[in-house]
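Quick note: the coordinates plus some simple rules give every number you see, no bench work behind them. In this text the structure is predicted, and so the values were computed from the model without any measurement. Here the Cβ positions follow ideal geometry from the backbone for every residue, glycine too, while neighbour counts run over all protein chains shown.
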């Protein structure tokens with residue numbers, strides 16, 4: 001091979017590359033750029049996906065951030081300080097027997113808890129200095145009694161004692177975390193054959209509540 005032939009071959013190669021670029025055929029440098037871009041997309045996807053899920057979690061947290069904390073649940077308030085005043089009704093049935101909810105739960109000589117009762121009808125008064133979401137579990141906390149997925153009062157949840165919770169007659173799965181709404185009737189029922197349990201009749205709230 002002569003020197004001239006060698007230079008002609010290189011010239012032909014350069015000419016071929018110019019032709020490929022004109023025809024739009026991707027060069028090796030283009031593929032390298034594509035791989036780099038693809039790598040950025042993958043990395044971006046790996047970063048973006050957790051952010052999307054985090055955003056979803058933040059939305060859930062934001063929606064439930066109105067829940068009252070224990071400091072508020074345990075606090076002592078006054079009628080004058082009340083800015084949020086609603087009423088809910090609670091029934092507790094264990095093995096077919098209605099359980100008593102004592103009058104004056106959450107009331108003491110020098111303390112009015114935001115969650116309290118005035119009588120034994122099961123009506124829970126929610127009188128708070130701020131509009132927060134109070135749960136059934138919060139009331140049991142004030143009552144100093146047990147309500148969890150493991151036990152209700154002194155009864156353990158097991159195969160013979162299944163737990164069901166109703167909100168206005170509708171079965172709910174939120175258990176102790178069930179938020180109490182104004183003029184809603186809640187029922188905690190423990191017994192066999194949970195799928196066959198009929199909730200107690202909704203409470204007929206007096207008009208003056």
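Each of 100, 177 was scored by other Cβ atoms within 10 Å of its Cβ. Listed from fewest to most, they are 100, 177. Taking 0.36 nm per residue of separation and subtracting the Cα-Cα distance, full extension of the segment from residue 71 to residue 119 would add 14.8 nm. Centre-to-centre separation between the Cα atoms of the stretch 139-209 and those of the stretch 109-137: 17 Å. Counting neighbouring Cβ atoms within 10 Å and putting the fewest first, the residues 118, 125, 113 line up as 118, 125, 113. With contacts taken as Cα pairs under 8 Å and at least 6 residues apart, the stretch 70-196 reaches a relative contact order of 30 percent.
For the peptides 86-95, 102-111, what is the packing order when you average, over each peptide's residues, the other Cβ atoms within 10 Å and list the highest mean first? Don't jump to the answer; show the numbers that get you there.
Numbers: 86-95: 19.2, 102-111: 12.2.
Ranking, from highest mean packing down: 86-95, 102-111.
Counting beta carbons within 10 Å around each of 203, 186 and listing the fewest first gives the order 203, 186.
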